[in-house]
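Below is one structure, written out as structure tokens, with a few remarks after it.
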Amino acid sequence: MIDAWTAAQIRAAEKPHLDAGEPLMQRAADGLAEVVRDMLRASTASREGRPGRVLLLVGSGNNGGDALFAGAALAHEIVPAGGAVTVVAAGSHLHEAGLAAALAAGATRDELAGWCDPGAVSERLPRHHVVLDGLVGTGSSGAGLRGDARRVVEALLPSLGRPVAPEVVAVDIPSGLDPDDGSVADDVVLPADVTVTFGGCKAGLLRGRGPALAGRIVLIDIGIGADLAGLAREESE
């Protein structure tokens, strides 16, 4: 049986570590990057000797920060070999340090408009091997995707599932999925082949539409397990 936690429980467990200045985001990003490395090594492109190409879909906040720091680690390795890490910003306030790290490592930015047009996406998407979905994280309320994040997902959906489509890795939780109950507001949700979740498995990955949308779940230990166990004991008393 897999233990699962609400977004509020995860935040409560993280708080003392964040207050102490522990690098939880870097731990999450390092784990995320390692999962993507393994996927790139196992890809057809790698077997054919072609360098990896990773697309980062980045929204505002910490979820986007996780994706950007992971992208920085990947860019250090694959860009010198002829690969690419491409950042598409779909949020008004990107994580500044994460973006700076990614660009300094060799990642490049692409214009958002080209990723909001289904026709353009159908041509661009097959050039990539892995897509990191860092659009919306556990701060979402289950009300559905809005704004640029919604436009990007709407444009991507017709191209996913084709033989040439890249694998999608959700950062913590698929964008558009409620982190607590696994509900969706509508069909504009980005399904994942792999969901890399941090600290503890989010309840929404195991409930409602979660199992169908999350794909394979990989849990990254960021050092809050004992805190989550403490919360469970407190709530059971």
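Computed quantities for the displayed model
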quantity	calculated
Residues within region 165-206 that are within 19 Å of SER43 (Cβ to Cβ), open to solvent by less than 20 Å² (accessible area, probe 1.4 Å) and either aromatic (Phe, Trp, Tyr) or not in a strand (DSSP E or B) (or both), tallied	2
Residue list for region 108-134, filter: open to solvent by 10 Å² or more (accessible area, probe 1.4 Å) and either touching a residue at least 40 places away in the same chain (Cβ under 8 Å) or among the charged types (D, E, K, R) (or both)	ARG109, ASP110, GLU111, LEU112, ASP117, PRO118, GLU123, ARG124, PRO126, ARG127, HIS128, HIS129
Tally, over region 38-63, of residues that are polar (S, T, N, Q) and assigned to a helix (DSSP H, G or I)	4
Residue count for region 207-230, restricted to those that are open to solvent by 10 Å² or more (accessible area, probe 1.4 Å), out of contact with any Gly (no Cβ under 7 Å at 6 or more places or on another chain) and more than 17 Å from ALA12 (Cβ to Cβ)	9
Boolean, GLU77 is surrounded by fewer than 18 Cβ atoms within 10 Å (Cβ to Cβ), out of contact with any Pro (no Cβ under 8 Å at 6 or more places or on another chain), part of a helix (DSSP H, G or I) and touching a residue at least 12 places away in the same chain (Cβ under 8 Å)	yes
Residue check, GLU34 modelled with pLDDT of 95 or more, open to solvent by 10 Å² or more (accessible area, probe 1.4 Å) and not small (Gly, Ala, Ser)	yes
Residue match in region 209-231 (condition: out of contact with any His (no Cβ under 9 Å at 6 or more places or on another chain), in contact (Cβ under 8 Å) with a residue 12 or more places away in the chain, assigned to a loop (DSSP other than H, G, I, E, B) and among the β-branched types (Val, Ile, Thr))	no
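The values are calculated or read from the model by the stated rules, or taken from the named source; none is laboratory data. Nothing here was measured: the structure is a model prediction, and the numbers come from that model. Please note: Cβ atoms are built from the backbone with ideal geometry, for glycine as well, and neighbour counts cover all protein chains shown. All accessible areas refer to the heavy atoms of the entire protein, side chains included, with ligands and DNA or RNA removed. Shrake-Rupley method; radii C 1.70, N 1.55, O 1.52, S 1.80 Å.
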